[in-house]
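The values are calculated or read from the model by the stated rules, or taken from the named source; none is laboratory data. Keep in mind that this is a model prediction, so the values were computed, not measured. Glycine also receives a Cβ, built like all others from the backbone with ideal geometry; neighbour counts cover every protein chain displayed. Each accessible area value is taken on the protein alone, full model and side chains, heavy atoms only, with ligands, DNA and RNA left out. Shrake-Rupley method; radii C 1.70, N 1.55, O 1.52, S 1.80 Å.
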Amino acid sequence: MILPVQITSRNLELTEAIETNIREHAEKLDKYYSRITSCRIVVEALPHRSLYNLHIDITVPGAEIVVKLDPNTDLYLAIRDAFHDARRKLEDFGARQRGDMKQHTEAPHGLIKALFQDQGYGFLTTMDGREIYFHEHSVQNHKFKQLAVGMEVRFGEEMGEKGPQATYVRVV
């Protein structure tokens, strides 16, 4: 961390043990993202409710990460939970910067080409002209009996015993 950790308290006096606990948690954040420039922590006791809030404001190059969770009746649990959330947010931020985040690809489109209602299966045609088998149990958001030739669908695909087959079929 470039700047030292800043700890502020509101409506309570922090004991040395609590402050040490907070500083230890804050120092561990460098393991999850090494370019933290500052870390400001506000510990707050909510009067007349015996609840504690912990706000963490972390500055990193190009962004600010803020952690604010629901109040907790146990100060040590509030500290633990807030730093756990901060760690997760720092890991996610670092992964996004490195380009490690999973990219969810859109399911392929197709059209229902043929239906054999009495036998419980049909065929899809993909946008590139391939034919894919599907069973009535793979239909997710409609009843098989309500399907019609020409309906647009999204589907998952795997190789079956006799060729490509749909693992799921969703009407668009």
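Brief remarks on what is shown
- Test: residue in the range 83-103 that is free of Cβ contacts under 8 Å to residues at least 24 places away in the same chain, closer than 30 Å to VAL139 by Cβ and out of contact with any strand residue (DSSP E or B) (no Cβ under 6 Å at 6 or more places or on another chain): yes
- Filtered by the rule that a residue be open to solvent by less than 70 Å² (accessible area, probe 1.4 Å), modelled with pLDDT of 80 or more and out of contact with any Lys or Arg (no Cβ under 9 Å at 6 or more places or on another chain), the range 92-104 gives ASP92, PHE93, ALA95.
- Yes/no for ILE79 being surrounded by 17 or more Cβ atoms within 10 Å (Cβ to Cβ) and in contact (Cβ under 8 Å) with a residue 40 or more places away in the chain: yes
- Taking the numbered list (1) of a type outside the set (A, V, I, L, M); (2) open to solvent by less than 100 Å² (accessible area, probe 1.4 Å); (3) in contact with a Lys or Arg (Cβ under 7 Å, 6 or more places away or on another chain) in turn, GLN140 passes all entries but (2).
- Every pair of residues 6+ apart whose Cβ atoms lie under 7 Å, when the first sits in the range 156-172 and is in contact (Cβ under 8 Å) with a residue 40 or more places away in the chain and at positive phi while the second is small (Gly, Ala, Ser) and in a strand (DSSP E or B): none
- The set of residues in the range 57-76 being touching a residue at least 24 places away in the same chain (Cβ under 8 Å), in a loop (DSSP other than H, G, I, E, B) and out of contact with any strand residue (DSSP E or B) (no Cβ under 6 Å at 6 or more places or on another chain) consists of PRO61 alone.
- Residue, least open to solvent (accessible area, probe 1.4 Å), within the range 1-56, restricted to residues that are assigned to a strand (DSSP E or B) and charged (D, E, K, R): GLU44
- Tabulated pairs, the range 123-143, first over 22 Å from GLU161 (Cβ atoms), second in a strand (DSSP E or B) and charged (D, E, K, R), C-beta under 7 angstrom, 6+ apart or interchain: GLN140/ARG170; ASN141/ARG170
- Where strands (runs of 3 or more DSSP E) sit wholly within the range 96-172, those with at least 1 residues that are among the small types (Gly, Ala, Ser) and within 34 Å of the chain's Cα centre (by Cα) occupy 109-116, 152-160, 163-171.
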